[in-house]
Amino acid sequence: MKIIKAKDYQDMSRKAANIISAQLILKPNSVLGLATGSTPIGTYKQLIEWYNKGDLDFSQVRTVNLDEYKGLEPDNPQSYYYFMYENFFKHINIDLKNVHIPNGLEEDPIKECNRYQDIISSLGGIDLQLLGLGNNGHIGFNEPGNCFNKIIHCVELAQSTIDANARFFNSIEEVPRYAYTMGIGSIMSAEKILLIVSGKGKAQILKKVIEGPILPSVPASILQLHKNVTIIADQEASSLLDQKLLD
Ligand code: GLP
């Protein structure tokens, strides 16, 4: 695990965008695994800025998103499709045919999970997977549990996740109870992983993820076993880490 300490949210976002840019320079048709949440918004903004300057080209990039709420239409402002389109895709020259997000409207989980797994396989796997960290240690929507779910699946969201994500909805009742998510196995099979973490509220869970035992009750702790994972954490998020890890 390579752990990089950033000064603040902006510094974390710039550093993450730099790593994604380097990936696209090395391989212009990379398969990027993308994430939603408030953490990656600054990274997407920075990439858009460099694209506008003419420094980045997304015309050959393929993307697969980690997750989507079950039951939300793509044009619902709370859907992850809408989030990705508004915060990233509509600002860059990506071909929307190359954009993949689980279909929240598919009622049949087996059908949707098979379809999405086939897409990832047909793309040849993920070159670089961007991740945020849930307050309870989730990645994608892989919630704390008794085992690591390997493949794409339909998950019942933890109450703590529903509470945390309610801020984006008019009321907590509107937060979907289920979501489709890449599994821990799908995430771990990415060539490279980039986890970004910001804010005091994530300091405790980040310490568990990096320094604690690998447990399904802390899903992101599995990243300790990945051969190429970079974590960029801002000062507040990294404040409880063993400082020796950051030198
Ligand atoms: C959601 C997403 C995760 C994301 C998490 C953290 O639950 N499914 O992929 O990492 O939120 O969100 P935030 O970055 O807003 O803290």
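Peptide packing for 46-59, 4-17 was compared via the average number of neighbouring C-beta atoms within 10 Å per residue; ordered from the highest value, the list is 4-17, 46-59.
What order do you get for 145-156, 184-195, 214-225 when each peptide is scored by the mean count of other beta carbon atoms within 10 Å, highest first?
Averaged packing, sorted descending, gives the order 184-195, 214-225, 145-156.
Expressed as a whole percent, the accessible area of region 1-129 that falls on carbon and sulfur atoms is 50 (1.4 Å probe).
The rule of thumb for compact globular proteins, 2.2 N^0.38 Å, goes into the C-alpha radius of gyration of region 43-185 1.07 times. Helix content alone sets the calculated 222 nm mean residue ellipticity of the chain: runs of n ≥ 4 DSSP H residues at -39500 (n - 2.57) each, divided across all residues, give -9000 deg cm²/dmol. Normalised Debye scattering of region 108-197 at q = 0.20, 0.26 Å⁻¹ gives log10 I(q)/I(0) of -1.03, -1.34, counting only Cα atoms as equal scatterers and leaving out solvent. Listed by chain and number, the lysines whose C-alpha is less than 23 Å from the C-alpha of residue 207, apart from same-chain residues fewer than 8 away, are 2, 5, 7, 15, 192, 227, 244. Take the chain, drop everything but the C-alpha atoms, weight them equally and run the Debye formula without solvent; then report log10 I(q)/I(0) at 0.12, 0.13, 0.17 Å⁻¹ to two decimals. Debye output, listed in q order: -0.64, -0.76, -1.40. Ellipsoid semi-axes for region 1-118, based on the Cα gyration tensor and the rule √(5λ), read 26, 16, 14 Å when sorted largest first. Taking only the C-alpha atoms of region 183-247, Rg followed by Dmax gives 11.6, 32 Å.
Calculated accessible area for region 185-247 comes out at 44 Å² per residue, all protein chains present (probe 1.4 Å; ligands, DNA, RNA ignored). Put +1 on the Cβ of each Lys and Arg and -1 on the Cβ of each Asp and Glu in the chain; which of 48, 65, 210 then has its Cα farthest toward the positive end of the dipole? So the residue furthest toward the plus end is 210.
Cut-off under 24 Å on the C-alpha distance; same-chain residues fewer than 8 positions from residue 111 excluded. Which lysines are left, in chain and number order? List returned: 70, 97, 150. A dipole drawn for the chain from +1 and -1 charges on Cβ atoms has a positive end, and of 84, 228, 30 the residue lying farthest that way is 228. At what distance in nm do the modelled label points of residue 173 and residue 150 sit from each other, each positioned 7 Å from its Cα along Cα→Cβ? With each label point 7 Å from Cα toward Cβ, the separation is 4.2 nm.
The values are calculated or read from the model by the stated rules, or taken from the named source; none is laboratory data. What you are looking at is a predicted structure, and each value in this text was computed from that prediction instead of being measured. Counting neighbours? That spans all protein chains shown, and the Cβs are built from the backbone with ideal geometry, glycine included. Surface accessibility is based on the protein's heavy atoms, side chains included, excluding ligands, DNA and RNA. Shrake-Rupley method; radii C 1.70, N 1.55, O 1.52, S 1.80 Å.
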